[in-house]
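To keep things clear, I will list the structure first and then write my remarks on it.
The values are calculated or read from the model by the stated rules, or taken from the named source; none is laboratory data. On a predicted model such as this, the values are computed, not experimentally measured, just so you know. Counting neighbours? That spans all protein chains shown, and the Cβs are built from the backbone with ideal geometry, glycine included. Each accessible area value is taken on the protein alone, full model and side chains, heavy atoms only, with ligands, DNA and RNA left out. Shrake-Rupley method; radii C 1.70, N 1.55, O 1.52, S 1.80 Å.
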Amino acid sequence: MAHNPLIPLDNSAIIYPPTAARYNSHTFRLSVELTIEVVAERLLTALEQTLELFPYFTVALHPGFFWYYFAPNTKEVNVYPEVAGPCRFFHPKKNANGYLFKVHYTKNRIALEVFHALSDGSGGLRFLQALVKEYLILSGVDLTRDATTGSITQEDAFEKFYTPLKSVFALDPPAFHMKRSPYSDEVQAISARIPISDIKKVASTYKVTITEYIVSELIYALQKIQERERSKRRYKPIKVSVPVNLRRLYPSDTLRNFTLFMVVGIDPRLGHYTMEEITTQVMHQLRSQLNQKYINRYIARNRSGRSHVLIRYAPNWIKKPLMKLFSDIYGDNLYSTTMSNLGQLELDEITSEYVQSADFYLSPSKTNKVSCAAVSVGEYMKLNFSSIYKEKVDLEREVLTSLVDKQIRVEISTNRR
Amino acid sequence: MAYCVSCGVKLASGLEKCPLCNTVVYGPPELIGNSQEPLFPLSQQEEIIHPSLDKTRKAILELVITFVALALVTLVITAFALPTFNPLIAIVATLVGGAFIVVPLVCKPSYVKISSWYVVLTTILVLSIAIRIPEYKWAYYTLASLVLYWILAVLPALKGKKYVGVKIAIMILSVGLFLLVTNLIETHTLSWSIAVALPIYLFTMIFVSLLVWRVSKGKVGVTSIVFSLITIASWAVVIGDHCALKYRGKEGLISWSLSVAIVGSCLLLFLLLRFSLLRVRNYFHNRIV
């Protein structure tokens, strides 16, 4: 395996190691269901060969005096049988021999769990696609290997596209968060399988994209929950955080984190919003924010925080607890939930014959409790909810029954017992 | 595969109830189907590592550890720089202070556990003062009080119904022991504790136990309980006055507690009359009926 030099964490990743704790694992999970059986030894070989193409993934996390950093990890890599719940906490030393990703398998499924400091959903997806391709090649399928150059795919794109700007550190009011209820250490998942044609049809009646439509449904559901849980004078804004893949706006092919979170929503203090009003709001807010000038401002804001003298030269043991205490002010407090849609999984013709479906899970947090993620393969989309609630399923129920009411066929499965 | 009649969603094979609304699926087994590939397997096949603290608690713990470490380093450096400065109490106080903040973060929210930890930490602090400055007598009183507090306020909350009698016995004995210990600390003998404290203690324990026994046996009104307690307290004061007089070698039965004795007597008379009248009334009521 190629050895990487010491790598500083990218701008987006520096927040994840200090703030990882109980109910805040900061991991995501991608999986594919194959039409052929998954054999552990073959999968391990495929993983080792994939890591030759993606040397950036062969790192371990270390706490430095000022910042966390990645260093080469020469320990043995392994594959693991599937576990009882997605998005588990990554212990920097005890889990997976120090690696920041884990490959799980079942009879037909290959799953990749990644600690968010290492990569984002798009980066993880690229890795998983390469792993699946490698596995299929080892299983005798006639496919050609991709050659990926390690150095291009591990640039810090935030650093590359950072423009010093006088950014305004405006602080938005905190968003609505669902009530406390007993929590579970194991993430509770509900997976909904939806035909793309059904949801596309409904989204087009509102003249929005599928992502905008799902975000609107989440906001509408949260509005209903807030109306049930709180009195009118205690209403708060309802916002959803939508990670946007900046690789579509900037010329970068990096495997590292290169996403920004667009926060869109409504303010129910102004009155009850209908579904039509919500979709209009979401569409305008998302599309108006998706331009380079607007995003440059956020990159500048995040990056300039890191350059501040006090933050830059404070030791890590001071930064760690302060980041834990104050990260929510600019983070989880500002939105009610997260919705990430990876879109249609791009597979070549031969690979797509062997891939039945895919799944994408985002880890929830103690503030937001439930997160939502989606990915599509072929004619179906999988909309997955991850929750730390032991029993409460209000948000999932509101969203999925709303979809059913609009004649969208929904099939659900769960790990809830 | 089945549908939920309440939500309208299709349920994956093997689901016997809807996860959204808990509606049970009724129908033949073929309808429910067998779970071919569960979403996630039921059995754990690897060691689960779940962190025990959430973000906020972890942050406070790290900050406390940081500041305690800084304080300790400062104290040690100061001790080297100033030979006359003994940092023992300051070091213990810093560690105990940090532990006071950390205990509710890391312990389960249990009254017994947290109270016990706080008693232990305060004991350590007071003990360090007592060791460092032996002439501070109040430290010994505080140590005895801490033990008494734990026995009276925390021991009853310990689980174990069959040990109720043992707990009560320990609580009663501890009060007596506390009186003996405070006498020892003050005078290095058991002079006033045997002459004055013990009679008051014995009198109070016997009559309160009798009252508790009476209450457990039958219906005793709140008024009667309150009056009985006041009566016992009054007579305990009178006995204390008499014993104190004897201890000081003075003449007379009682000195300042005459008014208390009168109150106690009146209350006792009232209670006896009330009790007797009730029995007489019940006797004639039963005869008539």
query = Taking A:LYS102 as the anchor, which lysines have their alpha carbon closer than 26 Å to its alpha carbon, excluding any fewer than eight residues away along the same chain?
reply = A:LYS75, A:LYS93, A:LYS94, A:LYS133, A:LYS320, A:LYS324, A:LYS366, A:LYS369, A:LYS382, A:LYS390, B:LYS55, B:LYS58
query = So how do B:89-96, A:291-298, A:123-130, B:245-252 stack up, highest first, on mean other-Cβ count within 10 Å?
reply = A:123-130, B:89-96, A:291-298, B:245-252
task = Please report, as a whole percent, how much of the solvent-accessible surface of chain B comes from carbon and sulfur atoms (probe radius 1.4 Å).
result = 72 percent
query = Which residues make up the longest stretch of chain A clear of GluC sites (Glu not before Pro) that lie in a DSSP loop with no more than 14 other Cβ atoms within 10 Å, not counting the sites?
reply = A:77-345
query = Binning every alpha carbon pair distance of chain B at 10 Å from zero, what are the percents per bin?
reply = 5, 14, 16, 16, 14, 13, 11, 8, 3, 0
Farthest positive-ward along the stretch A:148-287 dipole, Cα basis, beta-carbon charges - from A:PRO182, A:LEU246, A:PHE258 = A:PRO182
message = Using a 1.4 Å probe and counting only protein heavy atoms, how much accessible surface gets buried when B and A come together, both sides summed, in Å² to the nearest 100?
response = 3900 Å²
note = Residues whose built amide H sits under 5 Å from the amide H of A:ALA175, excluding neighbours closer than 5 in sequence, are A:LEU334, A:TYR335
ask   = So which residues in the stretch A:396-417 end up with at least 30 square angstrom less accessible surface once the other protein chains are there, compared with the chain by itself, probe 1.4 angstrom?
value = A:ARG397, A:THR401, A:VAL404, A:VAL410, A:GLU411, A:ILE412, A:SER413, A:THR414, A:ARG417
inquiry  = Heavy atoms of the protein only, probe of 1.4 Å, neighbouring chains included. What is the accessible area of B:ASP241 in Å², nearest 10?
reply    = 0 Å²
message = Given bins 20 angstrom wide, list per bin the percent of all Cα-Cα distances in the protein assembly as shown, short to long.
response = 14, 36, 24, 18, 8, 1
note = As straight-line cross-link partners of B:LYS246, the qualifying lysines (C-alpha separation under 30 Å, not fewer than 8 residues apart within one chain) are B:LYS137
message = Treating only the Cβ of Lys, Arg, Asp and Glu as charged (+1, +1, -1, -1), what charge dipole size does chain A show about its Cα centre? Round to the nearest 20 debye.
response = 2000 debye
request  = Can you work out the accessible area per residue across the protein assembly as shown, with the rest of the protein chains kept in place, probe 1.4 Å, in square angstrom?
outcome  = 50 Å²
message = Nearest 500 deg cm²/dmol is fine: what mean residue ellipticity at 222 nm does chain B get from its DSSP H runs of n ≥ 4 alone, each adding -39,500 (n - 2.57), divided by its residue count?
response = -22000 deg cm²/dmol
task = At a temperature of 25 °C and a viscosity of 0.890 mPa s, determine how fast chain A diffuses translationally according to Stokes-Einstein, using the Kirkwood radius over alpha-carbon pairs as Rh; express D in µm²/s, rounded to the nearest whole number.
result = 111 µm²/s
inquiry  = I'd like the distance between the alpha-carbon centres of the stretch B:118-169 and the stretch A:296-323, rounded to an integer number of Å.
reply    = 47 Å
Nonlocal amide H pairs with A:MET262, under 5 Å, H built at 1.01 Å = A:VAL242, A:VAL244
note = The ³J(HN,Hα) series, computed from each phi in the stretch B:109-117 with the Karplus coefficients 6.51, -1.76 and 1.60 at θ = phi - 60°, rounded to the nearest Hz and given as x for glycine or proline, is x, 10, 4, 5, 5, 5, 4, 4, 4
ask   = Which lysines have a Cα lying under 22 Å from the Cα of B:LYS159, excluding residues fewer than 8 positions away in the same chain?
value = B:LYS108, B:LYS113, B:LYS167
query = Please identify the GluC sites (Glu not before Pro) of the stretch B:45-97 that satisfy two criteria: DSSP loop assignment and at most 14 other Cβ atoms within 10 Å. Which are they?
reply = B:GLU46, B:GLU47
inquiry  = Can you give me the % of accessible surface on the stretch A:9-68 that is carbon or sulfur? Probe 1.4 Å, all protein chains present, nothing else counted.
reply    = 56 percent
Built amide H within the under 5 Å cut-off of A:ALA60, gap 5+ = A:ALA71, A:ASN73
